Amino acid sequence: MSKTDPDDRPSWDEYFLRVAKVVSTRSTCPRRSVGAVLVRDRQILSTGYNGAPRGLPHCSEEGCLMRDGHCVRASHAEMNAIAQAALHGVSVDSATLYCTDRPCLICSKLLINAGIAKIVYWHEYPDEVGEKMLKQASIPVVRLDPGEDCTG
């Protein structure tokens, strides 16, 4: 990518998804590395990645704590981004969530209640009920293909 050619710049959606990908590298659960970025007016409000709650042992230290095929030790990236914003008194109302993966049902409910206005993600996560709730809440959910040239 040429730094001097403005046509080679990533779109805002791709830019913030790339930031979410970098955030995901902090994940401490080996089962899935997910990163989330909350943005309003092209400004990053908060970030989160999947990992154990503050001060508790991580999956990378003690292994995954499995229940019904899911690791329950790790909080999801979306949850952690909202919690981080709350911890610092930052409102996420009307923000856009950029996440490496589509939100699950629990995260979808949390995002609805937090006032998230739009969700942009790369990778599918199969959760039909979460998808239906986001649609009922009229929250646009946009999937960008990670292999696609996302300019615009």
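Structure notes:
- 10 Å-binned pair-distance histogram of the range 30-152 (Cα, whole percent): 13, 45, 33, 9, 0
- Potential lengthening of the chain between Cys64 and Thr28 amounts to 12.0 nm, from the contour at 0.36 nm per residue minus the alpha-carbon distance.
- The phi-based Karplus calculation (6.51 cos²θ - 1.76 cosθ + 1.60; θ = phi - 60°) puts the 3J(HN,Hα) values of the range 122-138 at 9, 9, 5, 9, x, 8, 5, 5, x, 4, 5, 5, 4, 5, 4, 7, 6 Hz, whole numbers, x for Gly and Pro.
- Total lysine pairs in the chain at Cα distances under 24 Å, for residues eight or more apart or on different chains: 8.
- Mean Cα-pair separation over length for the range 16-152, i.e. relative contact order, pairs under 8 Å, 6 or more apart, %: 21 percent
- Förster-model FRET efficiency, 25 Å R0, Asp41 and Ala137, C-beta, rounded to 0.05: 0.70
- Computed lengthening from Ser94 to Trp12, 0.36 nm per intervening residue step minus Cα-Cα distance: 27.9 nm
Just so you know, all these numbers are worked out from the coordinates, no wet-lab data involved. Fair warning: this is a prediction, and the values are worked out from it, not measured in the lab. With ideal geometry, Cβ positions are generated from the backbone for all residues, glycine too; neighbour counts draw on all protein chains shown.
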